[in-house]
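FYI, it's all coordinate maths here, none of it is from the lab. Note that this is a predicted model, so its numbers are computed, not measured. A quick note on method: Cβ atoms are made from the backbone with ideal geometry, for glycine too, and the neighbour counts reach across all protein chains shown.
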Amino acid sequence: MVTNILQELNEYIDGVWNCEAADPEKAIKKYNNSKRRFLFYPWGVFCTAYARANLWNGGILPFGDCYIYSDTDSVKVINAEEHLDAIEEYNKNIIKKLYAMCDHYGIDRQLLAPKTIKGVPKMIGVWDWESKGHQYKYFRSIGSKRYMIFNDEGLNITVSGVNKKTAVPYLIDKYGIEGSFKHFDTDLKIPGDYTGKLTHYYIDEERSGTIIDYQGNTFDFHAPSGIYLEKAEYDFKIDSEYLLYLEKLILTAESIILLSSPIAVRTVLLCPILQAEPAEI
C-alpha cells in the first residue's frame, strides 16, 4: 500500500545501465489516474501511524517503568498483573470503536471475532496475554527485532532474518543456556550453516559450460544470466554510523530535557556566576 510512487527508470542499453529519476508531478498524476489502482498511499501511512499511536497509548504508557520492549503489535513487560485494569480499559475502548464502525457500515459484529482452529473466538485489535503461564524467566534484547528469551519451554530467539530452528541449537551446543545469554551481544556471529540466510549474487554475463550433478550425470548448459546463492553468516555488530546517530540522538534528547526543566535552566544560567563567586552558593 505504501510502495514508493516515484520509481526511477532503469534501462540497459548496449551494455550500459542508464538511470532516469522520476518526475514527481507526472508520477503522482499517473498514479492517481490509473484505473488499475485500488489502494491509496495515505491509507498505508495512516494505518502504520495509527498502529504506533495505539502501541504507545495502549501498550507502553500504561506500564510505565515496567515496560521493557515493544515491536509493532506486542509489548514485553514485567509485573503485568499490576496493570491489567489499564489493559482491560484499553480493550473496552477498542471494542467500542469496532462496534461503532460495524454499526455505521452495516457489518455483522460477529465478524470481529473469527474463530481459531479449535473454535475459540478471538476479538481483533485487543491485547491478549500471549505468554500467560509461560512467562519469561530471562529476556535480553540488543536492538529492534533482536532478542533472546528463556522460559519453561526453553531457550528461544527472535532475530529478523535468522532461522531460530537452526540458530538456537547452534547457540546451545556452543555456549549452553547461560552462556548463550552472555554471548548474545553485538560481538556475536552465527555461521552461515545455521542462519538460514542466503546471499544473492547476480550474474549478468552469459555463461556456458559443462556441469556434473551429484549422480555423476554430465550436462552442457548455456545461461544468458543467473543468480548464485551462498550461505551467509549473521553478524550482530551495529554499524558505527548508526551508533553515532544514536549517541547524537541521546545527547539531543538530554539537552531538550535539560532545557525544558525550570530548575535545570536556572542551573545552566547560574553556573558561570557560581564559578566566579562561589561564596554566594
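Please identify the GluC sites (Glu not before Pro) of region 1-61 that satisfy two criteria: DSSP loop assignment and at most 14 other Cβ atoms within 10 Å. Which are they?
The qualifying sites are 8.
Can you give the log10 of the normalised intensity I(q)/I(0) at q = 0.15, 0.24 Å⁻¹, computed with Debye over equal Cα scatterers of region 40-130?
Taken in order of the listed q values, log10 I(q)/I(0) reads -0.70, -1.26.
Which value in deg cm²/dmol, rounded to the nearest 500, describes the helix-derived mean residue ellipticity at 222 nm for the chain, given -39,500 (n - 2.57) per DSSP H run of n ≥ 4 and division by the residue count?
Estimated from H runs of four or more residues: -12500 deg cm²/dmol.
Can you run phi through the Karplus equation (6.51, -1.76, 1.60; θ = phi - 60°) for region 140-154 and list ³J(HN,Hα) in whole Hz, with x for Gly and Pro?
9, 10, 10, x, 4, 6, 9, 8, 10, 10, 9, 9, 5, 8, x
Would you mind calculating the relative contact order of the chain from Cα pairs under 8 angstrom and at least 6 residues apart, reporting the percent as a whole number?
8 percent
Please work out the Cα convex hull volume for the chain and give it in Å³ per residue.
Roughly 344 Å³ of hull volume per residue.
I need the trypsin sites (Lys or Arg not before Pro) found in region 91-193, filtered to DSSP loop residues with at most 12 other beta carbons within 10 Å of theirs.
Answer in residue order: 118, 122, 132, 137, 145.
So for region 40-130, averaging the separation of alpha carbon pairs under 8 Å that are six or more residues apart and normalising by length, what relative contact order in percent results?
In percent, rounded to a whole number, it is 18.
So if I take the centroid of the Cα atoms in region 174-197 and the same for region 22-80, what is the distance between those two points in Å?
For region 174-197 versus region 22-80, the Cα centre distance is 32 Å.
Based on a Kirkwood Rh over C-alpha pairs, give the Stokes-Einstein translational diffusion coefficient of region 118-204 at 37 °C and viscosity 0.692 mPa s in µm²/s.
217 µm²/s
Checking understanding here: applying a Kyte-Doolittle mean of at least -1.0 and a length along the axis of at least 24 Å (C-alpha), which whole DSSP H helices in the chain pass?
Span-like helices in the chain: 84-105, 240-260.
Please name which of 18, 1, 86 has its Cα lying farthest along the dipole of the chain towards the positive end, using unit charges on Cβ (Lys, Arg +1; Asp, Glu -1) and the Cα centre as origin.
Working it through, the farthest residue towards the positive pole turns out to be 86.
Which of the aspartates and glutamates could be linked to residue 189 by a straight reach, that is with a Cα gap under 15 Å, when you skip same-chain ones fewer than 8 residues away?
173, 233, 235, 239
Give the cross-link partners of residue 237 among the aspartates and glutamates, using a straight C-alpha distance below 12 Å as the criterion and excluding same-chain residues fewer than 8 apart.
185, 187
Restricting attention to region 119-193, which GluC sites (Glu not before Pro) occupy a DSSP loop and are surrounded by at most 13 other Cβ atoms within 10 Å?
130, 153
Cα to Cα, under 24 Å, and not fewer than 8 places away if on the same chain: which lysines meet these conditions relative to residue 35?
Filter leaves 26.
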